[in-house]
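Note sheet for the following structure.
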There are 2 protein chains.
Amino acid sequence: MTNRKILLTEDEMPRQWYNILADIKLNPPLGPDGNPIKPEDLAPVFPMKLIEQEVSTQRWIDIPDAVQSVYRIWRPSPLVRALSLEKVLDTPARIYFKNESVSPPGSHKPNTAVPQAYYNKISGIERMTTETGAGQWGCALSFACSQFGLECKVFMVRVSFDQKPYRKSMMEVWNGRCVASPSNETRAGREILAKFPDTPGSLGIAISEAIEAAVSDPSGKTRYSLGSVLNHVMLHQTIIGLEAKLQLAKVGDYPDVIIGCAGGGSNFAGLAFPFVLDKINGKAIEIYPVEPAACPTLTKAPFVYDHGDTAGYTPLLPMHSLGHSFMPPPLHAGGLRYHGMAPTVSQLVDEGLLTPKSVNQLESYAAGITLARSEGIIPAPETTHALATVIEEAQKAKEEGREKVILFNWSGHGLLDLGAYDKFLAGQLSNFELPEGVIAESEKVFAHYPKPAHLKRG
Amino acid sequence: MTNRKILLTEDEMPRQWYNILADIKLNPPLGPDGNPIKPEDLAPVFPMKLIEQEVSTQRWIDIPDAVQSVYRIWRPSPLVRALSLEKVLDTPARIYFKNESVSPPGSHKPNTAVPQAYYNKISGIERMTTETGAGQWGCALSFACSQFGLECKVFMVRVSFDQKPYRKSMMEVWNGRCVASPSNETRAGREILAKFPDTPGSLGIAISEAIEAAVSDPSGKTRYSLGSVLNHVMLHQTIIGLEAKLQLAKVGDYPDVIIGCAGGGSNFAGLAFPFVLDKINGKAIEIYPVEPAACPTLTKAPFVYDHGDTAGYTPLLPMHSLGHSFMPPPLHAGGLRYHGMAPTVSQLVDEGLLTPKSVNQLESYAAGITLARSEGIIPAPETTHALATVIEEAQKAKEEGREKVILFNWSGHGLLDLGAYDKFLAGQLSNFELPEGVIAESEKVFAHYPKPAHLKRG
């Protein structure tokens, strides 16, 4: 009987993360004056250890023992041969997935939440703040803070706060405090509430509140945390791909195609970056970040300098962006509703090392159902975008009669998103189109911003 | 660094279940005439293969390859050394748990749902029916049926159906059909609805509907399934304890104390029975089934003949029972709200091989929070009853300065029960007392029933 799961022991878990900044160049983040920002400018927001990782160009960075110890609650995560899916699709492809849904919060997010909490702890920080949209990130940071005895405050976008009460409950079980954003706890929140008392909130507002709550603490013992986009977040996530490489080697396989969904880019980067290194060194691999057709950052938007948040408080980052005022449609895959994309992922697309794809909402849910009824696990709405592309690739392999090896990232489970499946099965979901003129409109804005250079390696 | 997880490869998974009926005797189930029922009497309800297992006294029963293949989606499940809990409690005890929350439906229930679906499939059955209270069992059977291409219909107690809509969604993702009970789909349901249109429903009614839906199908291709209590269910669950034994042996440990929560008895039996065999053969082990203080079947109720369902449709089973008309208080641990207990577990208590314990609701939730903030996983409300007893035992070991080895079963996660944690954290839960006179009242009823004999081994 072929094994479904390829396991590593805890002692086989990689002891270092892979830093792609050793192998590619990035345009620098720019401050309000249009000049590159300096690491120390970020000190009120992040602890120095994380700022150092953000700008480091060292290829391998040690994973501290205390972080490894918490990782071991659920890591190494299983690499799974999707035997049942292969059978349903009757494909000659060998399909593998990294199962990141096995963490306590149910996604890949704690891979970075845990080291972020750890570095804050050893820097003398006592309290962390963050924002969360659909809730996965707020849960992961609450979990991580509970492991290191830190307080955690999460500003959760009001509409999600009301729609997904279990997310708040989950954070509170881990001793996190979750408030609906906009809240009365920050000046930014109070100003918005005064103007728009019934606002559903937005990630942009929640980021502003979380940053303000961190930098305005007079004790200086509070810092802010971001769950995607930044270089140090991608760094921490590479544990996924590094484990996957070891696991595939155990069965003598190597991927022809690598697939992950991409919102801010972190689960995709986590799986893909260690293989991007191989591709840079000459391996022939196709690597597909997959995004919603209704929020097509990589597939349609230009490579520009833009703010990471809606209010424009963050530095300008070099990335593919639909414009920081773009309001993504109300997709159920909340983690993919982001106007921009990690600068590292954007840079790799600009260099042609990645081939972005997009799928629409109905196609992705249909794929989710196919996987739930074959491999058993109910995927997160975000993950279903990768799944739709996996099915397409497996069918192509069948047409071509090729024994292709497909590797994808099962970024999270959908147990707190079952309401969306309900709507899909009842025929109440639809596809969203990108409104006409969005790209042209955003390009008008970008015309006034500095332009990132098209950098090349070597 | 000490490993947290002790893993088995798929090839190391046991190939046989352990049947405790080889080692203990049971009083026979009795039909309406007071005489022992014959296996063939059950043929309209269950497929013959499962009836054979129900009455078998063969010690080891082969796990079919097709069942092993599906088990391998999540099995062997990890045995976890609860290092973080040990640290929090500062105990010399070594604490291990079997993590049964890793299955796709999130509990131990698929250990029996999968073989039940398989035996029905190979018997030419096309459709299965069952009831579910809190929803764990209905989800597990829907998952199992989706693996073997069977239809599945679940009658879910109305009050839970309304309170936990995600359970229905989960069943439907796996192609199960879930209807609120009482329903208009059966005579039993219609009669109740005519009399009590606003009834919240009960497990007793739902069982009646599920049995009727199975036996009344004119095609003869539908059978009923039960998720606990019966001998064949306990048999299938022993995979838990058999794996745990192999895993403990890998680290050279053996339990002094074994703990599991008990409602109908299946997750407890699954972990404990393989060790009960050792106890019968002379090993010194304490084995604790843990039940809610407000539904104290094993700790307070007599060992009698009683019906398994409220309506009295099932045979009389020899068990500890609070009386089939006992209505357990509205505990959030829905899986422990059962008036009776598996005959095998009841028999072992009668023989003094098990030492039942009870804990109240607030104590169990407090333990759940302690575990979530140390080991990370959010436990099911049922599991928290075992956890409270684990903490008590670990504290006792500290007082005694003993290096005791404690093994318990983490029967499921609480991700679809977060609303109950919310209430607990908000101080809105309370303990329930067993109403005065319940035992005396039930004993009056049992006075008219046959009495089970106090059987001994050998």
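Are there any pairs with C-beta distances below 7 angstrom linking a residue in segment B:314-325 that is over 21 Å from B:Glu209 (Cα atoms) to a residue that is assigned to a strand (DSSP E or B), with the two at least 6 apart or on different chains, and if so which?
If the second residue must be assigned to a strand (DSSP E or B), the pairs left are B:Pro318/B:Tyr305; B:Met319/B:Asp306; B:His320/B:Phe303; B:Ser321/B:Val304; B:Ser321/B:Asp306.
So which residues in segment B:433-450 are under 28 Å from B:Lys25 (Cα atoms), part of a loop (DSSP other than H, G, I, E, B) and either small (Gly, Ala, Ser) or touching a strand residue (DSSP E or B) at 6+ places or on another chain (Cβ under 7 Å) (or both), if there are any at all?
B:Ala447, B:Tyr449, B:Pro450
Given the conditions (1) within 18 Å of the chain's Cα centre (by Cα); (2) open to solvent by less than 10 Å² (accessible area, probe 1.4 Å); (3) more than 29 Å from A:Lys456 (Cα to Cα), which single one is not true for A:Gly334?
The failed condition is (2).
When residues of segment A:119-160 are filtered for being within 14 Å of chain B (Cβ to nearest Cβ), surrounded by fewer than 24 Cβ atoms within 10 Å (Cβ to Cβ) and over 19 Å from A:Val215 (Cα atoms), how many remain?
Here the count works out to 3.
Does segment B:8-15 include one or more residues that are away from every other protein chain (no Cβ under 14 Å), touching a residue at least 12 places away in the same chain (Cβ under 8 Å) and not in a loop (DSSP other than H, G, I, E, B)?
No.
Hey, does segment B:206-224 have a residue that's part of a loop (DSSP other than H, G, I, E, B) and in contact with a helix residue (DSSP H, G or I) (Cβ under 7 Å, 6 or more places away or on another chain)?
no
Looking only at residues in segment A:73-102 that are farther than 30 Å from A:Val114 by Cα and within 10 Å of another protein chain (Cβ to nearest Cβ), which one is most open to solvent (accessible area, probe 1.4 Å)? Show your work before the answer.
Within segment A:73-102, the first condition is being farther than 30 Å from A:Val114 by Cα, and the residues that meet it are A:83-94.
From what's left, within 10 Å of another protein chain (Cβ to nearest Cβ): A:83-84.
Values: A:Leu83: 45, A:Ser84: 19 Å².
Out of the qualifying residues, it is A:Leu83.
Is there a residue in segment B:61-68 that is within 24 Å of B:Gly149 (Cα to Cα), polar (S, T, N, Q), open to solvent by less than 20 Å² (accessible area, probe 1.4 Å) and assigned to a helix (DSSP H, G or I)? Lay out the reasoning, then the answer.
Of the residues in segment B:61-68, the ones within 24 Å of B:Gly149 (Cα to Cα) are B:62-68.
The next check asks that each one be polar (S, T, N, Q); those that pass are B:68.
Subset that is open to solvent by less than 20 Å² (accessible area, probe 1.4 Å): B:68.
If we keep only those that are assigned to a helix (DSSP H, G or I) too, we end up with B:68.
Taking every residue of segment B:61-68 in turn, at least one turns out to be within 24 Å of B:Gly149 (Cα to Cα), polar (S, T, N, Q), open to solvent by less than 20 Å² (accessible area, probe 1.4 Å) and assigned to a helix (DSSP H, G or I).
A:Pro39 passes all but one of (1) modelled with pLDDT under 95; (2) open to solvent by less than 40 Å² (accessible area, probe 1.4 Å); (3) touching a helix residue (DSSP H, G or I) at 6+ places or on another chain (Cβ under 9 Å); which number fails?
Of (1) modelled with pLDDT under 95; (2) open to solvent by less than 40 Å² (accessible area, probe 1.4 Å); (3) touching a helix residue (DSSP H, G or I) at 6+ places or on another chain (Cβ under 9 Å), only one is false for A:Pro39: (2).
Scan segment B:428-453 for residues that are farther than 25 Å from B:Ala293 by Cα and open to solvent by 90 Å² or more (accessible area, probe 1.4 Å) and jot them down.
Those that are farther than 25 Å from B:Ala293 by Cα and open to solvent by 90 Å² or more (accessible area, probe 1.4 Å): B:His448, B:Lys451.
Can you name every residue in segment A:417-437 that is of a type in the set (A, V, I, L, M) and under 20 Å from A:Ala262 (Cα atoms)?
Kept after step one, since they are of a type in the set (A, V, I, L, M), are these residues of segment A:417-437: A:418, A:420, A:425-426, A:429, A:434.
Answer for segment A:417-437, where residues must be of a type in the set (A, V, I, L, M) and under 20 Å from A:Ala262 (Cα atoms): A:Ala420, A:Leu434.
Search segment B:374-427 for residues being without any contact (Cβ under 8 Å) to a residue 12 or more places away in the chain and outside any helix (DSSP H, G or I), and hand back the single one that is farthest from the other protein chains (Cβ to nearest Cβ).
Within segment B:374-427, the match that is farthest from the other protein chains (Cβ to nearest Cβ) is B:Gly427.
So which residues in segment B:167-192 are surrounded by fewer than 23 Cβ atoms within 10 Å (Cβ to Cβ), part of a helix (DSSP H, G or I) and either of a type in the set (Lys, Arg) or within 14 Å of chain A (Cβ to nearest Cβ) (or both), if there are any at all?
Result: B:Glu172, B:Arg187, B:Arg190.
Which pairs have Cβ atoms under 8 Å, sit 6 or more apart or on different chains, and link a residue in segment A:54-68 that is over 23 Å from A:Leu317 (Cβ atoms) to one that is polar (S, T, N, Q)?
So the pair list comes out as A:Trp60/A:Gln16; A:Trp60/A:Asn19; A:Asp62/A:Gln16; A:Ile63/A:Gln16.
Hey, does segment A:105-116 have a residue that's open to solvent by 10 Å² or more (accessible area, probe 1.4 Å), away from chain B (no Cβ under 12 Å) and either modelled with pLDDT under 95 or over 27 Å from A:Thr2 (Cα atoms) (or both)?
To start, the set of residues in segment A:105-116 that are open to solvent by 10 Å² or more (accessible area, probe 1.4 Å) comprises A:108-109.
Now restrict to residues that are away from chain B (no Cβ under 12 Å): A:108-109.
From the residues that got through so far, the ones that are either modelled with pLDDT under 95 or over 27 Å from A:Thr2 (Cα atoms) (or both) too are A:109.
Yes: segment A:105-116 contains one or more residues that are open to solvent by 10 Å² or more (accessible area, probe 1.4 Å), away from chain B (no Cβ under 12 Å) and either modelled with pLDDT under 95 or over 27 Å from A:Thr2 (Cα atoms) (or both).
Given the conditions (1) within 11 Å of chain B (Cβ to nearest Cβ); (2) surrounded by 14 or more Cβ atoms within 10 Å (Cβ to Cβ), report the number of the one that A:Asn27 does not fulfil.
All conditions are met except number (1).
Can you tell me which residue in segment B:350-373 is nearest to the other protein chains (Cβ to nearest Cβ), limited to those that are assigned to a helix (DSSP H, G or I), closer than 24 Å to B:Arg81 by Cα and open to solvent by less than 30 Å² (accessible area, probe 1.4 Å)? If you could, list the steps in order and put the result at the bottom.
As a first pass, look at segment B:350-373 and keep what is assigned to a helix (DSSP H, G or I): B:350, B:361-372.
Still in the running and closer than 24 Å to B:Arg81 by Cα: B:363-372.
Then keep just the ones that are open to solvent by less than 30 Å² (accessible area, probe 1.4 Å); that gives B:364-365, B:367-369, B:371-372.
Working: B:Ser364: 14, B:Tyr365: 10, B:Ala367: 13, B:Gly368: 8, B:Ile369: 6, B:Leu371: 10, B:Ala372: 5 Å.
Going through the qualifying residues, I end up with B:Ala372.
Any idea which residue in segment A:317-331 is farthest from A:Val45 (Cα to Cα), counting only those that are hydrophobic (A, V, I, L, M, F, W, C) and open to solvent by less than 20 Å² (accessible area, probe 1.4 Å)? Explain how you work it out, then say what you get.
Here is the first cut: in segment A:317-331, the ones hydrophobic (A, V, I, L, M, F, W, C) are A:317, A:319, A:322, A:326-327, A:331.
Still in the running and open to solvent by less than 20 Å² (accessible area, probe 1.4 Å): A:319, A:322, A:331.
Working: A:Met319: 21, A:Leu322: 26, A:Leu331: 30 Å.
Among those that are hydrophobic (A, V, I, L, M, F, W, C) and open to solvent by less than 20 Å² (accessible area, probe 1.4 Å), it is A:Leu331.
Checking B:Gly201 against (1) part of a loop (DSSP other than H, G, I, E, B); (2) open to solvent by 40 Å² or more (accessible area, probe 1.4 Å); (3) not β-branched (Val, Ile, Thr), which test does it fail?
The one condition B:Gly201 does not meet is (2).
The values are calculated or read from the model by the stated rules, or taken from the named source; none is laboratory data. Given the structure is predicted, the values throughout are model-derived calculations rather than measurements. Every residue, glycine among them, receives a Cβ derived from its backbone with ideal geometry; neighbour counts consider all protein chains shown. Note: areas computed on protein heavy atoms with side chains; ligands, DNA, RNA excluded. Shrake-Rupley method; radii C 1.70, N 1.55, O 1.52, S 1.80 Å.
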